[in-house]
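Heads up, the thing below is written out as structure tokens.
Throughout, read-outs are computed from the coordinates displayed, never taken from laboratory work. Remember, predicted model here, so these are calculated numbers, not experimental data. Positions of Cβ are generated from backbone atoms using ideal geometry, with glycine treated the same way; all protein chains shown enter the neighbour counts.
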Amino acid sequence: METLIAQLINAIALGSIYALLVIGFNLLLVVGGIFPFAYSHIVVLSMYMCWFVLKITGNNLVLGTVAAIVSGVAFSLITEPIFRPLAKRGAVLGSFIVAMAISMIITDIMSQRLNMGIVISFPQSLQGKEALVSFGTATITAGQIATIAGSIGSGIGFFYLLYRTKIGRAFRAMGQSSFSARLLGIPITKTSLFAYGIAGFLGGISSIFLAMAIGTASSTLGDNLALKVMAVAMFAGLGNLGGGLIAALILGLAEGMALAYLPGNWSQAIAFGMIMIVVMVKPKGLFGAMA
Amino acid sequence: MSLSIYYFLQLCAIFIMLGWCLYLVYRIGQLNNAPIAIMAIGAYLSSYAVLHWGWPFLLALVFAVVCGAVFSLIPALGLGRAPSFAMVIATIALIFIMQTIFRNLPWFGGALGLFGIPKVKNLLLVTYIFLVAIGILIYRFDHSRFGRAAEMIFIDRDIASTLGINIYMYSVILQVSTGAIGALAGVLYAFTIRTIIPSYFGFSFLLAITCFIFVGGYTTMWGVIFFTPILWGIPLILPQSMAVFRNLIYGFSLMVILLIRPEGVIDKNMLRFIRLKSGVVFKKLFGRSQKTVDKRLKEVM
Amino acid sequence: MKGLKILLIVLSVVFLASIACFAGGGGAKKEETTAPAVKEEAAPAPAEDAVYVKEWVFPNSNIITGVSAYHGMLNEFGANFALDKINAAGGIRGVPVKIKWFDEGTQNSALAIASMSKMLDMKPLLVMGPCSDVSVRAAVPLAVEQGVYSMCTMAGYPMAREFTPWTLTFVNDDKLQAMAGVRKWLELQPGMKKVAHFVAPESGTWMSIANAENEECNQQGIKTVDIEVPYDTVNYGPIAVRALGENPDGFIFTSHPEGIAKIIIELQKRGWADNKKFLLSQAAPVPALYEIGEGHLDGAYCWMWFDPNSKSPRWQELSKAHEETFGEPASFMMVWKGYDELFLIKKCFEDLKITGNPAKLKEERIAIRDYMNNCKGFEGIWGKVDFVDGVRQTPTLLFEFVNNKLANPIEVPVR
């Protein structure tokens, strides 16, 4: 029983990180009009930047956090002009290929230049690995609590932005129909830039939680995360923000349980098996797609 | 024949076949990555048949191709009607599922895969016979009413269906044929390299093939033919100091081409241009000169 | 229109050039003197033993691109360091040495074969590399067919042995080494009845080491339970929980290094207190292990086949150069293998009086093979070492972690 609780907590923490990533992913998909396959790679790059700053400043957590968020926003905004001509043409599949190319470039830079390609690890103080609450073999660490609380907080903040602010209304309008949005006088480019910025901001926050939860990063992490995030988004329905959250939690649970109880290396197969089945049975995703 | 030329030609042929697989289904606007997964099936099944059942090469080849076609029917039936994204992601998922299956099944050697695959005589000849045959088939497809129907589907699905084109049938048939070609490419790959590991048929290979076809041009079959040897061969002849940039070259060329010239380097206009100019050159070299034509006319008159 | 024309011409030239380059058989071959009988030196060297070439060029298949690129970077560093030293001392038999690097990619069989085919077209005396097990299996059969010796110094033992006698391995039989390490550990920590073993199912080399370790435990009457750690694991909590659920008395770690530290931390979080009951297999001590595991590793045991804190002067020199270039002292095994490889080649060529004469290529290749397979008394970077049947004879070293460093090595002879 205690083991089950321990696995559940692990799974929820993992799922909450995926949920944050999916929010950013769907935002870029709906408002940016592109398929942001390279989003997870930008998140991992932010983790690297955070690590560099921590190394230089001697583990100053505040500066590290700021570095992660700033680099998330910066890298996201850098990719905006690359995707702009594609978004204008409505070439979403083309943007997928371009995003794959960008991910290739980022992975290569990470494996050759950053820290010589060796795995980077984050200091213990950031990870919050001490058990805060423990009952038997089930423990909850400060890191896990921070992750879950932070994800919930960011999620709530984001939905507040989406439903209670003007820019959020602009996002939703663009998501429904960018043509009508233009007719209504919504500045497409500015809104798009803002969406990239917010997605980058969410990415920066996710990178800190990832650093807490995983504690290491390597060049292969980008690809792993990208495929899982894509799988979750597909599972829930592309562009469906609320459904994405639930799907992320489900994937986190499934992966955690598979890792705990199934032999061999079946965790990826589970995630992708789910995708294939959902896509074949309900191509618009379980909760319906907005895009 | 020098060893490196042999392997260069052999591997280029295999990659061209795979590029054509992606090209064929993209003719109707769907990016189907399943051929890479089916390639794994083809490679493993044929090697297993030859190594453990002692089958001759051609029998194993036919067996693997048939199995590949049958296996590709399963996702094809489900994905025929899927929106384009669903197909891309589902087929990427299929690649990973195949990798996991082959890595975990004990009969296929686990993570180390199969090795010691015997040599096949005249493999280069066999490969190029298949390459030319498939090329001719694709050419005939492109220039037939099926090719025109496919182009119509690419341009606008709704209009195509009003014209009576059954998109689902096209999708399924194309996916199954590319499954067969993919399995064939897998068999040839297995007998060229003579050792197969599950991690080879994965995401980075998919990225490389995607690069070849999108830089070359996805509207015609010639883009793949010209650009596969260039993109595969140039990193091999780069000086030592530049060899480290191989993946960056792939990524940047893909990005740049998609932004500047989205249809790829070789598109229909370029083909028309080449045909025109080569017609002029051919005429100059082998055609009758104006003097001869005048003389003949005079004789007749 | 004009732009298209130029583009077309450029493309055709490039396409033809790429074919032509392969027709040329690859890059720089060994430069040959114009007239074979010309004697340039005044020193009266016997004509048969005179070095035929102006420069020794050795092809080396290395991991240059891909996610394991740092293996190649370290290998290149070690080899270049040795290269500079050898050339500064006059080269091999008075002739300077050059290495031509080829890329085998990470787990990329096609690239490995393409590189090996180019290397073999150079008609080399021997081939350095390939590095990874996957590339060895794909590319070495080509070398064996042409009768060229491959110094697969970086590959694991089982893979290199598959192609005996045409390959060299710098690691002793890793099964025997693993068993020796486990034997000593069990001797020092008696009374265990059950051991949980963290294994990496994706790596063939590590699985064979893990199986050997299990065999040794079983021979001594200790039950073993395998817990698989997939390479892309993000969360180690469930794995630790599963292991503890088996109620073991000790743990052996034969999975990838970054995960080991995390698993140890998870185990300690759940109340495991006795570090002495941990045994880490070789390849575990990498910087990531020390960084993540700081403060958690002391008391644990680890078996290795070299001592990264060795006082050997040549190792200290290499380590210092490594620190100047990369910022930390050398700890990976790839660094010294490239170094020892070149010095072994130097010793071999000088003892055999290799000339590099194309007419004698076949016999010299066979001579090199026979020499390296059974070289006695080679001055390696750690001291004198023998090669028997293509295998470097090294004992196992069992270390203890003290103050987050490896210390107190105990030499355990491999039975």
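Here are a few things to note about the model shown:
- Of C:T325, C:T205, C:T153, the residue with the greatest mean-square motion in the GNM of chain C, using alpha carbon springs below 10 Å, is C:T325.
- In chain A, the longest principal axis of the Cα atoms and the axis of helix A:39-56 are about 50 degrees apart.
- Build a GNM of chain B with springs between Cα atoms under 10 Å apart, and of B:D158, B:D267, B:D142 the one that fluctuates most is B:D158.
- One way to sum up the overall shape of chain A is the equivalent ellipsoid from its Cα gyration tensor, whose semi-axes run 30, 23, 19 Å, largest first.
- Extension gain for B:I260-B:K119 works out to 46.3 nm (0.36 nm per residue, less the C-alpha to C-alpha distance).
- Paramagnetic reach from A:K282 (point 7 Å along Cα→Cβ, amide N under 16 Å) across the range A:219-242: A:232-242
- Rounded FRET efficiency, nearest 0.05, which uses the C-beta distance separating B:V66 from C:V95 and R0 of 60 Å: 0.55
- Placed amide H near C:G156: partners under 5 Å, 5+ positions off or other chain: C:D133
- Distance between modelled label sites at C:K223 and C:D49, nm, 7 Å Cα→Cβ extension: 6.6
- GNM remark for chain C: springs join alpha carbons under 10 Å apart, and the peak mean-square fluctuation among C:D103, C:D133, C:D274 falls on C:D274.
- In the range B:135-246, the C-alpha radius of gyration followed by the widest Cα-Cα span (Dmax) gives 17.7, 57 angstrom.
- Amide H within-cut-off set for C:G380, under 5 Å, with H built and near neighbours excluded: C:V385
- Computed FRET value (nearest 0.05) for C:E317 with A:M116, which takes r as the C-beta separation and R₀ as 22 Å: 0.60
- Pair B:V281, A:R164: separation of 7 Å Cα→Cβ label points (nm): 7.0
- Computed over all pairs of different Cα atoms, the Kirkwood value for the hydrodynamic radius of the protein assembly as shown is 30.5 Å.
- Spin-label model distance (nm) - C:A273 vs A:R182, 7 Å beyond Cα toward Cβ: 7.1
- Relative to the longest principal axis of the Cα atoms of chain C, the long axis of helix C:334-352 lies at roughly 50 degrees.
- Amide proton proximity set for C:D226, modelled H, under 5 Å, gap of 5+: C:H197
- Projecting the Cα atoms of B:I197, A:L28, C:G338 onto the charge dipole of the protein assembly as shown, computed from C-beta unit charges around the Cα centre, puts A:L28 farthest toward the positive end.
- For a label point 7 Å along the Cα-to-beta-carbon line of A:L8, residues of the range A:137-173 with backbone N under 13 Å: A:138-139
- Remark: the Cα gyration tensor places the range B:56-135 in the oblate category, a/c being 1.5 or greater and a/b not exceeding b/c.
- Straightening the chain between B:R148 and B:W55 buys 29.4 nm, computed as 0.36 nm per residue apart minus the Cα-Cα spacing.
- For the range B:171-301, fraction of C-alpha pairs farther apart than 21 Å, in %: 61
- Whether the range C:324-411 is rounded, prolate or oblate, judged on the alpha carbon gyration tensor where a/c under 1.5 counts as rounded: prolate
- The magnitude of the dipole of chain B, with charges of +1 and -1 set on the Cβ of Lys/Arg and Asp/Glu and taken from the Cα centre, is near 1140 debye.
- Under the Karplus curve 6.51 cos²θ - 1.76 cosθ + 1.60, θ = phi - 60°, whole-Hz ³J(HN,Hα) for the range B:215-226, x wherever Gly or Pro sits: 6, x, x, 9, 8, 10, 7, 7, x, 4, 4, 6
- Whole-Hz couplings from phi, Karplus 6.51/-1.76/1.60, listed for the range A:205-222; x for Gly and Pro: 4, 4, 5, 5, 5, 4, 4, 5, 6, 8, x, 9, 8, 9, 5, 7, 5, x
- Sorted largest first, the spans of the alpha carbon positions of the range B:3-201 along the three principal axes are 54, 35, 27 Å.
- 3J(HN,Hα) along the range B:175-181, derived from phi through the Karplus expression 6.51 cos²θ - 1.76 cosθ + 1.60 where θ = phi - 60°, amounts to 5, 5, 5, 5, x, 4, 5 Hz, with x in place of Gly and Pro.
- For the range C:187-230, GluC sites (Glu not before Pro) are listed when DSSP marks them as loop and at most 15 other Cβ atoms sit within 10 Å of their Cβ; the list is empty.
- Shielding by partners for peptide B:76-84, expressed as the average number of C-beta atoms from other protein chains within 10 Å of each residue's C-beta, is 3.
- Take each residue in C:237-246, count the other chain C-beta atoms within 10 Å of its C-beta, and the mean is 5.
- Overall, chain C carries a charge dipole of about 500 debye about its Cα centre when +1 sits on the Cβ of Lys and Arg and -1 on the Cβ of Asp and Glu, all other atoms neutral.
- Considering only A:M49, C:G237, A:L61, and ranking their Cα positions along the charge dipole of the protein assembly as shown that arises from unit charges at the beta-carbon of Lys, Arg, Asp and Glu, the one farthest toward the positive end is A:M49.
- Between A:F52 and B:L297, the FRET efficiency estimated from the beta carbon spacing at R0 = 60 angstrom works out to 0.15.
- Kirkwood hydrodynamic radius of chain C, from the reciprocal of the average inverse Cα-Cα distance over all distinct pairs: 23.3 Å.
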